[in-house]
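**Student:** One structure is given below, represented as structure tokens, and several questions about it will come after.
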There are 6 protein chains.
Amino acid sequence: MKIKVINPNTSVSMTHKIGLAAQMVASPGTEIIACNPEMGPISIEGHYDEALSVVGVLDEIHKGEAEGVDGYVIACFGDPGLLAARELAKGPVVGIAEAAMHTASFISTGFSIVTTLSRTRLIAQHLVNNYGMTRLCRNIRAINLPVLSLEADAQAKNLILQECKNAMIEDECGAIVLGCGGMADLAIQLRQQLGIPVIDGVGAAVKFVEVLIGLELGTSKVGDLAYPISKPVVGMLSSFTL
Amino acid sequence: MKIKVINPNTSVSMTHKIGLAAQMVASPGTEIIACNPEMGPISIEGHYDEALSVVGVLDEIHKGEAEGVDGYVIACFGDPGLLAARELAKGPVVGIAEAAMHTASFISTGFSIVTTLSRTRLIAQHLVNNYGMTRLCRNIRAINLPVLSLEADAQAKNLILQECKNAMIEDECGAIVLGCGGMADLAIQLRQQLGIPVIDGVGAAVKFVEVLIGLELGTSKVGDLAYPISKPVVGMLSSFTL
Amino acid sequence: MKIKVINPNTSVSMTHKIGLAAQMVASPGTEIIACNPEMGPISIEGHYDEALSVVGVLDEIHKGEAEGVDGYVIACFGDPGLLAARELAKGPVVGIAEAAMHTASFISTGFSIVTTLSRTRLIAQHLVNNYGMTRLCRNIRAINLPVLSLEADAQAKNLILQECKNAMIEDECGAIVLGCGGMADLAIQLRQQLGIPVIDGVGAAVKFVEVLIGLELGTSKVGDLAYPISKPVVGMLSSFTL
Amino acid sequence: MKIKVINPNTSVSMTHKIGLAAQMVASPGTEIIACNPEMGPISIEGHYDEALSVVGVLDEIHKGEAEGVDGYVIACFGDPGLLAARELAKGPVVGIAEAAMHTASFISTGFSIVTTLSRTRLIAQHLVNNYGMTRLCRNIRAINLPVLSLEADAQAKNLILQECKNAMIEDECGAIVLGCGGMADLAIQLRQQLGIPVIDGVGAAVKFVEVLIGLELGTSKVGDLAYPISKPVVGMLSSFTL
Amino acid sequence: MKIKVINPNTSVSMTHKIGLAAQMVASPGTEIIACNPEMGPISIEGHYDEALSVVGVLDEIHKGEAEGVDGYVIACFGDPGLLAARELAKGPVVGIAEAAMHTASFISTGFSIVTTLSRTRLIAQHLVNNYGMTRLCRNIRAINLPVLSLEADAQAKNLILQECKNAMIEDECGAIVLGCGGMADLAIQLRQQLGIPVIDGVGAAVKFVEVLIGLELGTSKVGDLAYPISKPVVGMLSSFTL
Amino acid sequence: MKIKVINPNTSVSMTHKIGLAAQMVASPGTEIIACNPEMGPISIEGHYDEALSVVGVLDEIHKGEAEGVDGYVIACFGDPGLLAARELAKGPVVGIAEAAMHTASFISTGFSIVTTLSRTRLIAQHLVNNYGMTRLCRNIRAINLPVLSLEADAQAKNLILQECKNAMIEDECGAIVLGCGGMADLAIQLRQQLGIPVIDGVGAAVKFVEVLIGLELGTSKVGDLAYPISKPVVGMLSSFTL
């Protein structure tokens, strides 16, 4: 089966990192297609960035449908464009935030999210509420480093580790949810350092998509997530006409 | 003061209708600039349409900021791009769904929403929840006509009237919220026919924006709605780089 | 149009202050009638005070209806008697707590309330819940000064300023809601000192009432807020027989 | 011990009926003092009536404290003035709505409320929410007869019985909560006719007050329910100055 | 009337203490039968312990029904097996956690729970949510001593007192709910030391069961709590076949 | 990897059916061990049955840990003993109700549950609430056949099909969740007949356990789900002493 893992921002190095994380957990029969849109912001750190990134996500779903992709992962912790993507896709589409939180709910009774910039916590909070995780999510913490400095900044790893430790003590959480696709490579090491489950949404989402495809469960096409109604889309976005 | 009323879809005739509704309620000193984006879907009837429309909304906010606009109305009942728009704008930004629901909360203890297509009800439901209106909203009803047929279809008015009557009897609502910017011209007549408040969000939103500007209350620029972080936006969307 | 701004307590100096705040924001065609009841407690700092104040509020609505008043503001942060007042009134009735919170919801994603006495925080909490603001209200803070000392106490302003600063840092709020009608004169100065929106409910409520009257939206008279059923009221309250 | 059962409306015949219901369940050592205020509406069928009735309730609590009353029942299903009364009283104060709902929660997993007029259902709904009974309350039903016709109208009993039967079938409720103090005499007969628990709040509240007094548990006087702050109350209400 | 007070763990000394607390508050005509199951864990400090204890609780209900018991108290703060017990019993069954929380809701606007081990707080949190007490419960605190050391440990009383004081200051609670059946003997002394209501669920539950029996209100046998369907139960549990 | 699929009731034929469903979806490297407890009720149709079944579930987990089982499925729609099982297990434990609901949340915006007996709907409702699925679950429907007649009754399949159709029309759901482990064999056929996703929790749970094991995510052993505290368990249950 073909699973397209879409990094919604346009940072190629992050796409590479996310692709590796996906590849690492994929089953033998799974082909991982890691990509990022050709258009959009280089990182997603607020509502504006997120809104712009959705266009590229939808473009990639579009192309994926033509290419026979069986399912999709949206690999940014805000799950940008999730419902719109589901309208477009026949197969399943899973966001890494929802995948990570659902995973945490299976193995703990309370988790904390550790993310990058403080201002993105609100986006995570909305997801927590929409996904019915209000009772399970004990806190949303930020290390206050920009998304792209996760790679560049030698301090990033330490800051994340420290914030996870704070979460364990102050929030008494049973698991950590990593709140950024760019942290996908840190889960295993952190788990060993902390002694509690640390969940990377990229891996979880890839596996859930595999599961859904394996169970022959695609997106429901009756009702709210039915294919979009065909209509003119004009101007710069005219290529999005269905 | 200058208020830009953005019809998020690209239907010029609907922009005209919305502009008239805005003009009708505007205070003497208010300049109404009704517009629609140069890009995007011709109507918004689902998550895909909505996601695409946001780009155009943000483009109009962008231009508005350069043109000295004091505040904005997003004139589609899904309030597409509301938080992203608030990041961009110095002044207030109000969506017609939130304006209509808040208005209803001032004059009734329960309202029903009457909208166009059944599949858009989920979008309205999300807004109801996010705006804290869960207890007040008694029902979300659809007439099952496409947005653009509100103008063309001679039956549309009757269907809306009938659905409002059903709402009064079955939901025992005290007010009706019109669930589509394209119904902006119907509120007064329906109010007379039904004998209860019927609320058009376009008018309400224009007035609320006037109020906020008058009170010198712009969007909070501390925290979650601070201006977007400057960064490259690439490809087709490169003009959105701040 | 005539808007009656009712200070529910019987402190004439506070009525004067509230009247000035209302006058300052009123539109040219609006006549502000600031008043307080002839009966009731001199300040409202608990459930007992509040319950007694409602009688006077209703008396003022009563008289207002006879005098051709078009709409009302209830200018105490507990919004005492709001639903009962709406039963009596043809036009709109808006409380300053609801006006302030709805305003905050338009321009921020989280606000803190700063009020007077600690024991009144529970009343505010009930309103937050009833108005659907649970997610938006980050904290309710008290300066622990009695309502009437807002005028007398030279320290009051400083205490409020300090508590607002605490709110910004500890609650990470994007806006401040002033939790007492007696703080109506402080909003503008605090806004300048703090750099975030500071919302006085008196001004906001006056404007919202103007908006509702302008849109010809009175209180829904079908269902829960219909005029009270005519019946004997006996004893000291016999003048309240409709 | 002395328990004052306050019928908040001024209908003496209903006070009589409520007094009998209280007397019937009281323990040997309990003295029941059934009363109604000297002032206020003759029945409570909306927010206006309820607001006015609170004054009389507080007057009765006042007098009760002077007379050495140990605890109080507020015998109207809207529990008017409950928190204000608790501020005034040293001992416990229990409303019949809360008593009935808590009782229902001990013996069923879902109850329906059957009340008088449709417009009072909103008041009951607020109580359901405030008392944390949202999940347990399956429906609030009205027979659409005025409160005082419960005595006069020969049909009243049948209408109530029929509505209870509807509740059992349509709501699949396990218990019925009678939604009016004036129905206190019907519980036992209805229980026999229906075969499920039918709960009259008057009896339940009297017993709960006995329990609280017996356990030496009065109203908490630390914090929100501390005695009201002493201050002038002027005009018609000056006798309420503490 | 006969009330069986079931200590769900198998510690005989704790059963004795609970029995004394029950006896102390029982009415003259009430026969208290304090017992603990013949099987199960010696203390309940987690989900596993709790699950095992339920078997014994049901065994005691079983025997109680044969012995003509009129009502039951489940005297462990997790209210183990409450709904299953209600299926078995004709009369009322009340848990001490629900009894204590409902009691607190009658006399305060916010309570804190003080319990033994930190890991049991989650169980209490579930009950708080299920009983609709989310808004009223300000905090759940643990002294981090095992249940059985409440008797042995000389420090236990002091730790509890200290934690109650912390709750008063930090949670600003109006009442304390003791979160363990083994604390039943401490309520009165703590109340005197703290000056606010301190609620022991054992006493409260006994009185509520008396009330329900007195009002002839047994468990609803229509619907969810109807007697269990008769069917084979095999193996070690075969004696539980009905 | 070894996954133990525990049918919590003691019906061997149902265990066989559940085992087949598990086997059908298991990955090549997965060994499915389908079992049912040696003790307990032959079917689970209420709180009493469920409470008794938990003992057997825990016994199977116990044995599983000794046998080197990597993860567990609890294959009854009430997810009996889930948290207690998680305390005992090192690896992941997933219930079929949670697995099915989480699956539905990935591919639809609203699902209906179709279960057996009406009285079990309350158990499902508790799970819906506890799992944060309140908004997603549109209805819980019962066909009113006992669990064991799913096999015997020729009508069962038709009743289920009909109830699913009712759900599609009346609840406008996008997916069906089968509310009983005994329906595990019907999902595929129903999906073909209905044209929307029909989710069997057995298959979903097996796959989720595989995923969690594959990601090396066991149950969090810090905090609430830490191994039970070692202590005496006496009487009939003495073998449960850890």
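**Student:** Among the candidates C:Asp59, C:Asp49, C:Asp79, C:Asp70, single out the residue that is surrounded by 24 or more Cβ atoms within 10 Å (Cβ to Cβ) and more than 8 Å from chain D (Cβ to nearest Cβ). Walk me through how you get there before you give the answer.
**Tutor:** Details: C:Asp59 fails: surrounded by 24 or more Cβ atoms within 10 Å (Cβ to Cβ); C:Asp49 fails: more than 8 Å from chain D (Cβ to nearest Cβ); C:Asp70 fails: surrounded by 24 or more Cβ atoms within 10 Å (Cβ to Cβ).
Selected residue: C:Asp79, the only one of C:Asp59, C:Asp49, C:Asp79, C:Asp70 that is surrounded by 24 or more Cβ atoms within 10 Å (Cβ to Cβ) and more than 8 Å from chain D (Cβ to nearest Cβ).
**Student:** Pairs under 6 Å by beta carbon, first residue touching a residue at least 40 places away in the same chain (Cβ under 8 Å) and closer than 23 Å to E:Ala187 by Cβ in the range E:20-42, partner of a type outside the set (D, E, K, R) and surrounded by fewer than 18 Cβ atoms within 10 Å (Cβ to Cβ), six or more apart or different chains?
**Tutor:** Correct list of pairs: E:Thr30/E:Met1; E:Ile32/E:Gln23.
**Student:** Sticking with this one: Could you check C:Glu151 against (1) within 12 Å of another protein chain (Cβ to nearest Cβ); (2) surrounded by fewer than 19 Cβ atoms within 10 Å (Cβ to Cβ) and say which number it fails?
**Tutor:** Every listed condition holds for C:Glu151 apart from (1).
**Student:** Considering only the range E:97-133, state which residues are more than 23 Å from E:Thr219 (Cβ to Cβ) and within 11 Å of chain D (Cβ to nearest Cβ).
**Tutor:** E:Ala104, E:Ile107, E:Ser108, E:Thr109, E:Gly110, E:Phe111 - these are the residues of the range E:97-133 that are more than 23 Å from E:Thr219 (Cβ to Cβ) and within 11 Å of chain D (Cβ to nearest Cβ).
**Student:** Another one. How many of the residues in the range D:191-204 are in contact (Cβ under 8 Å) with a residue 24 or more places away in the chain and surrounded by fewer than 24 Cβ atoms within 10 Å (Cβ to Cβ)?
**Tutor:** Going residue by residue through the range D:191-204, those that are in contact (Cβ under 8 Å) with a residue 24 or more places away in the chain are D:193-194, D:196-204.
Subset that is surrounded by fewer than 24 Cβ atoms within 10 Å (Cβ to Cβ): D:193-194, D:196.
Number of matching residues: 3.
**Student:** Looking only at residues that are without any contact (Cβ under 8 Å) to a residue 40 or more places away in the chain and part of a loop (DSSP other than H, G, I, E, B) in the range D:116-138, which one is least open to solvent (accessible area, probe 1.4 Å)?
**Tutor:** Only one residue fits best here, namely D:Met133.
**Student:** Which residue is surrounded by the fewest Cβ atoms within 10 Å (Cβ to Cβ), if the candidates are limited to the range B:32-46 and must be of a type in the set (Val, Ile, Thr) and away from chain A (no Cβ under 14 Å)?
**Tutor:** Pass one, the range B:32-46, residues of a type in the set (Val, Ile, Thr): B:32-33, B:42, B:44.
Narrowing the set further to residues that are away from chain A (no Cβ under 14 Å) leaves B:32-33.
Numbers: B:Ile32: 19, B:Ile33: 16.
My answer is B:Ile33.
**Student:** Test E:Asp79 against the criterion of being at positive phi and at pLDDT 95 or above, and give yes or no. Before you say what the answer is, go through the steps one by one.
**Tutor:** Numbers: at positive phi: yes; at pLDDT 95 or above: yes.
Yes: the conditions hold for E:Asp79.
**Student:** Right, next: Would you be able to say whether some residue in the range C:97-108 is crowded, with 22+ Cβ neighbours inside 10 Å, touching a residue at least 24 places away in the same chain (Cβ under 8 Å) and part of a loop (DSSP other than H, G, I, E, B)?
**Tutor:** yes
**Student:** Here is a follow-up. Restricting attention to the range F:206-242, which residues are open to solvent by 50 Å² or more (accessible area, probe 1.4 Å) and either part of a loop (DSSP other than H, G, I, E, B) or at pLDDT below 95 (or both)?
**Tutor:** F:Glu216, F:Lys221, F:Val222, F:Tyr227, F:Ile229, F:Ser230, F:Pro232, F:Thr241, F:Leu242
**Student:** Now a separate question. What's the number of the only condition in (1) in contact with a Leu (Cβ under 7 Å, 6 or more places away or on another chain); (2) modelled with pLDDT of 95 or more that B:Ser112 fails to meet?
**Tutor:** (1)
**Student:** Step by step: first the residues of the range B:46-85, then only those that are touching a helix residue (DSSP H, G or I) at 6+ places or on another chain (Cβ under 6 Å) and among the charged types (D, E, K, R), then the one that is farthest from B:Thr30 (Cα to Cα). Which residue is that?
**Tutor:** B:Asp79
**Student:** For A:Gly203, are the conditions met, namely being modelled with pLDDT under 95, of a type in the set (Gly, Ala, Ser), farther than 15 Å from A:Phe111 by Cα and under 18 Å from the mean Cα position of the chain (by Cα)? Don't jump to the end; show me each part of the working.
**Tutor:** Numbers: modelled with pLDDT under 95: no; of a type in the set (Gly, Ala, Ser): yes; farther than 15 Å from A:Phe111 by Cα: yes; under 18 Å from the mean Cα position of the chain (by Cα): yes.
When the stated conditions are applied, A:Gly203 does not pass them.
**Student:** I'm trying to understand the selection: among the residues of the range D:164-186, which are among the small types (Gly, Ala, Ser) and either farther than 19 Å from D:Met133 by Cβ or without any contact (Cβ under 8 Å) to a residue 60 or more places away in the chain (or both)?
**Tutor:** First, the residues of the range D:164-186 that are among the small types (Gly, Ala, Ser): D:167, D:174-175, D:179, D:181-182, D:184.
Those that are among the small types (Gly, Ala, Ser) and either farther than 19 Å from D:Met133 by Cβ or without any contact (Cβ under 8 Å) to a residue 60 or more places away in the chain (or both): D:Ala167, D:Gly182, D:Ala184.
**Student:** If you check D:Glu170 against the conditions, is it among the acidic types (Asp, Glu), touching a strand residue (DSSP E or B) at 6+ places or on another chain (Cβ under 8 Å), farther than 22 Å from E:Gly218 by Cα and assigned to a helix (DSSP H, G or I)? Lay out the reasoning, then the answer.
**Tutor:** Details: among the acidic types (Asp, Glu): yes; touching a strand residue (DSSP E or B) at 6+ places or on another chain (Cβ under 8 Å): yes; farther than 22 Å from E:Gly218 by Cα: yes; assigned to a helix (DSSP H, G or I): yes.
For D:Glu170, the condition - among the acidic types (Asp, Glu), touching a strand residue (DSSP E or B) at 6+ places or on another chain (Cβ under 8 Å), farther than 22 Å from E:Gly218 by Cα and assigned to a helix (DSSP H, G or I) - is met.
**Student:** Please go through the range E:160-180 and give me each residue that is at the interface with another protein chain (Cβ under 9 Å from one of its Cβ atoms) and open to solvent by 20 Å² or more (accessible area, probe 1.4 Å), ordered by number. Show your work before the answer.
**Tutor:** From the range E:160-180, those at the interface with another protein chain (Cβ under 9 Å from one of its Cβ atoms) are E:168, E:172-175; that's our starting set.
Result: E:Met168, E:Glu172.
**Student:** Let me ask something else. Identify the residue in the range C:82-96 that is within 9 Å of chain D (Cβ to nearest Cβ) and of a type outside the set (D, E, K, R) and, among all such residues, is surrounded by the most Cβ atoms within 10 Å (Cβ to Cβ).
**Tutor:** Residues of the range C:82-96 that are within 9 Å of chain D (Cβ to nearest Cβ), as a first pass: C:82-88.
Right, trim to of a type outside the set (D, E, K, R) and you get C:82-85, C:88.
Details: C:Leu82: 22, C:Leu83: 21, C:Ala84: 25, C:Ala85: 28, C:Leu88: 26.
Only one residue fits best here, namely C:Ala85.
**Student:** Take the residues in the range D:6-24 that are over 15 Å from the mean Cα position of the chain (by Cα) and among the hydrophobic types (A, V, I, L, M, F, W, C), then tell me which one is least open to solvent (accessible area, probe 1.4 Å).
**Tutor:** Selected residue: D:Val12.
**Student:** When the residues of the range E:181-197 are filtered to those that are more than 9 Å from every other protein chain (Cβ to nearest Cβ) and under 20 Å from E:Val5 (Cβ atoms), which remaining residue is nearest to the chain's Cα centre (by Cα)?
**Tutor:** This residue is E:Gly181.
**Student:** Does the range C:150-160 contain at least one residue that is closer than 30 Å to E:Arg138 by Cα and touching a Phe, Trp or Tyr at 6+ places or on another chain (Cβ under 9 Å)?
**Tutor:** No, every residue in the range C:150-160 fails to be closer than 30 Å to E:Arg138 by Cα and touching a Phe, Trp or Tyr at 6+ places or on another chain (Cβ under 9 Å).
**Student:** A follow-up question, please. Which pairs do you get when a residue that is facing another protein chain (nearest Cβ under 7 Å), found in the range F:210-237, comes within reach of a residue that is aromatic (Phe, Trp, Tyr), reach meaning Cβ atoms under 7 angstrom, with the pair 6+ apart or on two chains?
**Tutor:** Short answer, once both residue conditions are applied: F:Val211/A:Phe208; F:Leu212/A:Phe106; F:Pro228/E:Tyr48; F:Val233/F:Phe240.
**Student:** Which residues, taken from the range D:1-53, are polar (S, T, N, Q), part of a loop (DSSP other than H, G, I, E, B) and within 24 Å of C:Glu50 (Cβ to Cβ)?
**Tutor:** Of the residues in the range D:1-53, the ones polar (S, T, N, Q) are D:7, D:9-11, D:13, D:15, D:23, D:27, D:30, D:36, D:43, D:53.
Then drop every residue that is not part of a loop (DSSP other than H, G, I, E, B), which leaves D:7, D:9-11, D:27, D:30, D:36, D:43.
Matches in the range D:1-53: D:Asn7, D:Asn9, D:Thr10, D:Asn36, D:Ser43.
The values are calculated or read from the model by the stated rules, or taken from the named source; none is laboratory data. Please read these numbers as outputs of a predicted model, since none were measured by experiment. As a convention, Cβ positions derive from the backbone with ideal geometry for all residues, glycine included, and neighbour counts pool all protein chains shown. The area values use the complete protein model at the heavy-atom level, side chains included, leaving out ligands, DNA and RNA. Shrake-Rupley method; radii C 1.70, N 1.55, O 1.52, S 1.80 Å.
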